[in-house]
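The values are calculated or read from the model by the stated rules, or taken from the named source; none is laboratory data. What you see is a predicted model, and the numbers here were worked out from it, not measured in a lab. Virtual Cβ from ideal backbone geometry, glycine too; neighbours counted across all protein chains shown. Quick note on the areas: whole protein, heavy atoms, side chains included, nothing else; ligands and nucleic acids left out. Shrake-Rupley method; radii C 1.70, N 1.55, O 1.52, S 1.80 Å.
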Amino acid sequence: MSTTYTKQTNWGQFVPLVTVFFFWGFVAASNDILIPVFKKAFDLTQSQSQLVSVAFYVAYTVGSLIYMFISKAIKQDLVNKIGYKNGLILGLLISASGTLLFYPAANLGSFPLMISGLFILGLGFSLQQIVANPLAIEVGPTETGSQRLTMAGGINNLGTTIGPLIVAFAIFGSATASNTEASIESVKIPYMVLGGAFILVAILLKFSSLPQITPTIAEVTDDAVPGEHRDSALKYPQLVLGMIAIFVYVGVEVSTASNLPAYMEKSLGFTTKDIAPYVSLYWASLMIGRWTGAVEAFDISASYKKILRFLAPYLAFGVFLLVNAIAKHDLSHFYIYGLVILVMIACDIASKGNPARMLLIFSCMGILSLATGMMTSGMTSVYAFTSVGLFCSTLWPCIFALAINGLGKHTNQGSGYLIMMIMGGGIISWLQGTLADMTNIHVSYVVGVVCFAYLAFYAVRVTGILKAQGIELDQIKSEGGH
C-alpha cells in the first residue's frame with residue numbers, strides 16, 4: 001500500500017470536487033419536472049414522455065463504452081493519459097454543450113433536439129462519474145475513503161431535494177404552480193444557466209489544487225499483489241461481481257421509488273398531489289443515510305463523531321421538512337419517521353465503518369423493509385417502502401470501493417465498467433412494472449428483495465475474494481487502498 005498520503009483529508013481538493021456530485025443529483029431529479037412539461041408541450045403519450053429518462057440514463061452506458069473504446073484505441077487508460085483534473089473538466093464541458101442545445105430546441109419546438117441535449121448532458125456525466133468517484137476516495141486518508149464518497153453522495157441528494165423546486169420555480173415562476181401553464185420556451189433559461197454553472201466550475205477546477213492523477217493509482221501496479229499480472233480490470237472477480245451489484249443496487253433504488261406512486265394510488269386511494277411529499281421523503285432518506293455515513297470522514301475526536309452520528313441524520317431530516325414546509329405540505333404525517341431513522345443509525349453504528357459489513361447489514365435491512373411493506377397495508381406499508389431509501393443510502397460507496405479495491409492501474413477502467421451498470425435503474429424498474437402488470441404492485445416488490453439478496457451475497461463473497469488477494473479486512477475498511 002502506498003504511504004504517500006497524509007492522515008488528513010485535503011478539503012481544498014474535496015470541496016470543489018463534490019460540486020459535480022451536486023450537479024448529478026440536481027439534473028437527475030429535475031428530469032421529473034421536464035417529463036410532464038414535455039408531455040403537454042409536444043402532445044406525447046406517457047411512454048414517449050419517458051424518453052426523457054431513457055435518453056439520460058442510457059447516456060451513462062454509452063459514455064462508458066466510448067471511454068473504454070478510446071482507451072483501447074490509444075492503448076492506455078484515457079484518464080491516466082489526460083489526468084484526473086482534465087478528465088473532470090472535459091466531462092463538465094461536454095455536459096455544458098448538451099445544455100446549450102436547449103436553446104435552439106426550445107425555439108424550434110423540437111422534442112428530439114431536447115432529448116439529444118439530455119443525452120449529451122448524460123455523456124458528460126458518465127465521464128465525470130468515472131473520474132470523480134475514485135478521486136473522492138483518494139483525496140485523503142484511505143481509512144475514511146468510503147465516508148468521503150458517502151458525503152459526496154449526500155451532496156448529490158441535496159441536489160435531488162432542491163433541484164426540482166428550483167427548476168419548477170424557474171419554469172413556472174412558482175414552485176406550486178400547475179405545470180400545464182408552462183411553455184416550452186420557458187425550459188431554455190434554467191438549462192442555459194445550468195450550462196453556465198458547468199463552465200464556471202470547470203474554470204474553478206482548472207485553477208484548483210485537484211491532482212492531475214492520484215498518487216496511489218499512479219504508483220501502484222499489478223505487482224502490488226504478489227503473483228498477479230492481470231491485463232484487464234475484468235480479470236478481477238471483485239469488479240465483475242461488483243458490476244452486477246451496481247446494476248441491481250441502482251435498480252432497486254429507482255424501482256422502489258418509481259412504483260410507489262402507483263401503489264399508493266391503486267391500493268391506498270391517494271391522489272397524485274398527496275403522494276408527492278412521500279416520494280420526496282424517499283429521496284430525502286438517501287440524503288439522511290449518506291449524511292450519517294459521512295461523519296467518519298471528518299477529522300474530529302471520537303466523542304464528537306458519536307454526537308454527529310445522531311445529529312447529522314436529523315439535520316438532513318430537517319432539510320426535508322423545511323423543503324416540504326416551503327411547498328406548503330402537511331408535515332404532521334412525517335414526524336413518526338424519526339423513529340425509523342433511529343434504526344438506520346443503529347445499523348450504521350453496528351457496521352463500524354467497514355464497507356463489507358455495512359453492505360451486508362443494510363442489504364438485510366432492505367429485505368426486511370420490503371418484506372414488511374409487502375406483508376402490511378396502509379401507512380405502515382408506505383413507511384416500510386420509503387425506508388428502503390435509508391438502507392440504499394450508503395450502498396453505492398460500499399459497492400464501488402469494494403469493487404475497485406486492489407485494481408491498481410486498472411482502477412479507472414474498472415470505474416468505467418461500474419458506471420456503465422447504472423442502466424440497471426431502467427431495466428429493474430421495467431421488470432418490476434412487468435411483474436406488477438402480471439400480478440399487482442404490492443407483490444412486485446419481490447423484485448427488490450431479490451436485488452438486496454444478491455447484494456448481501458456480494459458482501460460476503462467479496463470479503464473472501466479480497467482476503468485471497470492479500471488485502472486484509474482492515475484494508476477493506478479503507479475502501480480504495482490498492
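With the other protein chains left in place, how much accessible area per residue, in square angstrom, belongs to region 236-290 at a 1.4 angstrom probe? Before the final figure, lay out the partial values.
Working: 1670 Å² over 55 residues.
Counting only protein heavy atoms, the per-residue value for region 236-290 is 30 Å².
Counting only heavy atoms of protein chains, what accessible area per residue, in Å², does region 310-420 have with a probe of 1.4 Å?
Working: 3690 Å² over 111 residues.
The answer is 33 Å² per residue.
Within region 312-389, which chymotrypsin sites (Phe, Trp or Tyr not before Pro) sit in a loop by DSSP and count at most 12 neighbouring Cβ atoms inside 10 Å?
When the chymotrypsin sites (Phe, Trp or Tyr not before Pro) of region 312-389 are filtered for loop state and at most 12 Cβ neighbours within 10 Å, TYR335 remain.
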- Message: If the reach is capped at under 30 angstrom between alpha carbons, list the lysines near LYS75, excluding any in the same chain fewer than eight residues apart.
- Response: LYS85, LYS206, LYS235, LYS409
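Using a 10 Å cut-off on Cβ atoms, rank the peptides 400-406, 440-446, 127-133 from the highest mean neighbour count down. List each step's numbers first, then the result.
Details: 400-406: 28.1, 440-446: 18.1, 127-133: 26.1.
Most protected by this proxy first, the peptides run 400-406, 127-133, 440-446.
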- Query: Between the DSSP loop rule and a limit of at most 14 other Cβ atoms within 10 Å, which GluC sites (Glu not before Pro) in region 247-311 are left?
  - Reply: none
- Query: Of LEU194, LEU368, which has the most accessible area with a 1.4 Å probe, and how do the rest follow in descending order?
  - Reply: LEU368, LEU194
- Task: Measure off, as a whole percent, the carbon and sulfur share of the 1.4 Å-probe accessible area of region 269-338, all protein chains present.
- Result: 71 percent
